[in-house]
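All remarks here apply to the structure that follows.
The values are calculated or read from the model by the stated rules, or taken from the named source; none is laboratory data. Everything numeric here is computed off the predicted structure, so don't read it as measured data. Note that we place each Cβ from the backbone using ideal geometry, even for glycine, and neighbour counts take in every protein chain shown. For the accessible areas, the whole protein counts, side chains as well, though only heavy atoms, and no ligand, DNA or RNA atoms are used. Shrake-Rupley method; radii C 1.70, N 1.55, O 1.52, S 1.80 Å.
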Amino acid sequence: MLSAYAKMILKGDNFLNRINEIYKELADKKVLIYALGETFIELDKKYQITDKLNVVAISDKKFEEKLVNYKGIKAIIPSEIKNIDYDVVLVTNETPSRICMILEDDLGVDFAKITTLFKHEIIDEVLHYNYLVENNFEKNLKKLNKLTKGKSVVIYGAGSLFETAKKYYDLSKLNIIGISDMKFSTHEENEECFTYKVYSLDELKELKPDYILVATKFYINIIENFYYEVFKDTKVKIKALIKKPFLTLWKEIWQ
């Protein structure tokens, strides 16, 4: 089953630039493709990747149970990669980091000969994007836009989850005046993060924004601490930026 990220990639032509980079990068090279997943198969249908590259073999761990004939290309198990004459291994998985480590550490592939179909600017970008979709962030964002209209907003949680939300969703209707995080307990004057002014928690107490939106996956304890300790006796409202279903929260609390 395709992930939300894969469906998004396949929906438009935004991935075309990366495909063209691959064509140029791997022109006249003997390519061994690693990972024959559903996402790659759909991308291959759309962009004819295996037709435009000189693919000498395809390898996948699942071939250890059953070899798969894909478009007449030789299928091999990972341990046979060492027996193939190739110039580069193209890793086609959406989250390639772990696979690259296995290729290098366990299968003896020279790191210089590994390239990835997916290049991510953000740590765990795919996982975060899928998380946002699974938790109906777009719907919750519309509610937050209405709730905070005309009010000042500070984001708490300057991590890759928020960075992913900022990349793929329009946050412009939130009047975000700054961003805070434990790592900003000390910071440079006028320092910025993701284009927003940085504040420490102590500075937020003085700033007193109308809303603080907590941009972390596990937010219950943070929200409780803010309400009953940090911003006690203030009018600051604390909400989750990415709201999870009640049942999920209940399990997190009681497990």
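Some observations on this one:
- Applying the criterion of being surrounded by 18 or more Cβ atoms within 10 Å (Cβ to Cβ) and of a type in the set (A, V, I, L, M, F, W, C) to the residues of the stretch 172-194, the residue that is farthest from LYS142 (Cα to Cα) is PHE184.
- Residues of the stretch 80-133 that are open to solvent by 70 Å² or more (accessible area, probe 1.4 Å) and either among the aromatic types (Phe, Trp, Tyr) or touching a helix residue (DSSP H, G or I) at 6+ places or on another chain (Cβ under 7 Å) (or both): GLU104, PHE111, LYS119, ILE123, ASP124.
- Scanning the stretch 1-43 for residues that are open to solvent by 40 Å² or more (accessible area, probe 1.4 Å) and either touching a Gly at 6+ places or on another chain (Cβ under 8 Å) or among the basic types (Lys, Arg) (or both) returns LYS7, LYS11, LYS24, LYS29, LYS30.
- Filter result for PHE231 (more than 23 Å from the chain's Cα centre (by Cα), over 29 Å from GLU134 (Cβ atoms) and either at pLDDT 95 or above or open to solvent by less than 30 Å² (accessible area, probe 1.4 Å) (or both)): yes
- Screening the stretch 38-89 for residues that are part of a loop (DSSP other than H, G, I, E, B) and within 17 Å of ARG18 (Cβ to Cβ) and picking the one that is modelled with the lowest pLDDT gives GLN48.
- Residue check, GLU21 part of a loop (DSSP other than H, G, I, E, B) and either under 26 Å from the mean Cα position of the chain (by Cα) or modelled with pLDDT of 95 or more (or both): no
- Unmet requirement for PHE63, which otherwise passes all of (1) aromatic (Phe, Trp, Tyr); (2) within 21 Å of MET1 (Cα to Cα); (3) within 26 Å of the chain's Cα centre (by Cα): (3)
- Among residues of the stretch 205-227 that are within 14 Å of LEU241 (Cβ to Cβ), those with a Cβ under 6 angstrom from a residue that is open to solvent by 60 Å² or more (accessible area, probe 1.4 Å), sequence gap 6+ or separate chain, pair up as TYR211/LYS151; TYR211/LYS237; LEU213/LYS239.
- Condition met for LYS197 (modelled with pLDDT under 90 and either of a type outside the set (Ser, Thr, Tyr) or buried (at least 20 other Cβ atoms within 10 Å of the Cβ) (or both)): no
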